[in-house]
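Structure record follows, encoded as structure tokens.
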Amino acid sequence: MNYKVVYFTRTGSCKRVADKISKELNCDKVELCDDKNWKGFIGFFKAGYYTSKNKNVKIELKGNIEDKDNIIVVSPLWAGSLPPATRLFLEDRKLEEIDLVLVSGGSFIKNKPNCKSISEITNKLKNEDKVVSELVSKLI
């Protein structure tokens, strides 16, 4: 199976998880970017506002995902929901081809999309390595 790991990150946590998954699966990773600055204290509140209001952003992939069978999307969880960039990326995809990995401080997603699978990593549970290992084992 040919995988690509697509990740969106504000603080670097999702990049770290994407690195682990792509290394274990020996596949490429592609960064999902948007046109907003989410850094710092103001960025944190702006992120919650944009997410809760379903505001749109312009997204860009820094790499190619055309030569894949399935996509693993690694995304933060903002205000219990997907960030605008992740939400918009998933809108244009067949969800049955997506394995979604969500990374949060301690909350869980409110409205789960109909993805092939959803794995939730929470800093509070310290379950990052366990969740990555279980996902990779399932995919191999």
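Numbers for the structure displayed
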read-out: Acute angle (nearest 10 degrees) that the helix 40-52 long axis makes with the longest principal axis of the chain, alpha-carbon atoms; value: 80 degrees
read-out: Percent carbon-and-sulfur accessible area, the range 1-110, ignoring ligands, DNA and RNA, probe 1.4 Å; value: 47 percent
read-out: 19 Å Cα-Cα threshold exceeded, pairs from Lys36/Lys110; Lys110/Lys130; Lys53/Lys110; Lys29/Lys112; Lys4/Lys126; value: Lys36/Lys110; Lys110/Lys130; Lys29/Lys112; Lys4/Lys126
read-out: Value of Rg/Rh across the range 44-118 [Cα atoms, Kirkwood radius]; value: 0.96
read-out: Surface accessible to a 1.4 Å probe, per residue, for the residues of the chain, Å²; value: 55 Å²
read-out: Sequence-separation-based contact order of the range 20-81, relative, with Cα cut under 8 Å and 6+ spacing, percent; value: 40 percent
read-out: The chain: most fluctuating residue of Glu128, Glu66, Glu31 per GNM, C-alpha cutoff 10 Å; value: Glu66
read-out: Computed Rg/Rh of the chain, alpha carbon atoms with Kirkwood Rh; value: 0.93
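The values are calculated or read from the model by the stated rules, or taken from the named source; none is laboratory data. If you're wondering where the values come from, they're calculated on a predicted model, not measured in any experiment. Areas reflect the complete protein model, heavy atoms only, side chains present, ligands, DNA and RNA absent. Shrake-Rupley method; radii C 1.70, N 1.55, O 1.52, S 1.80 Å.
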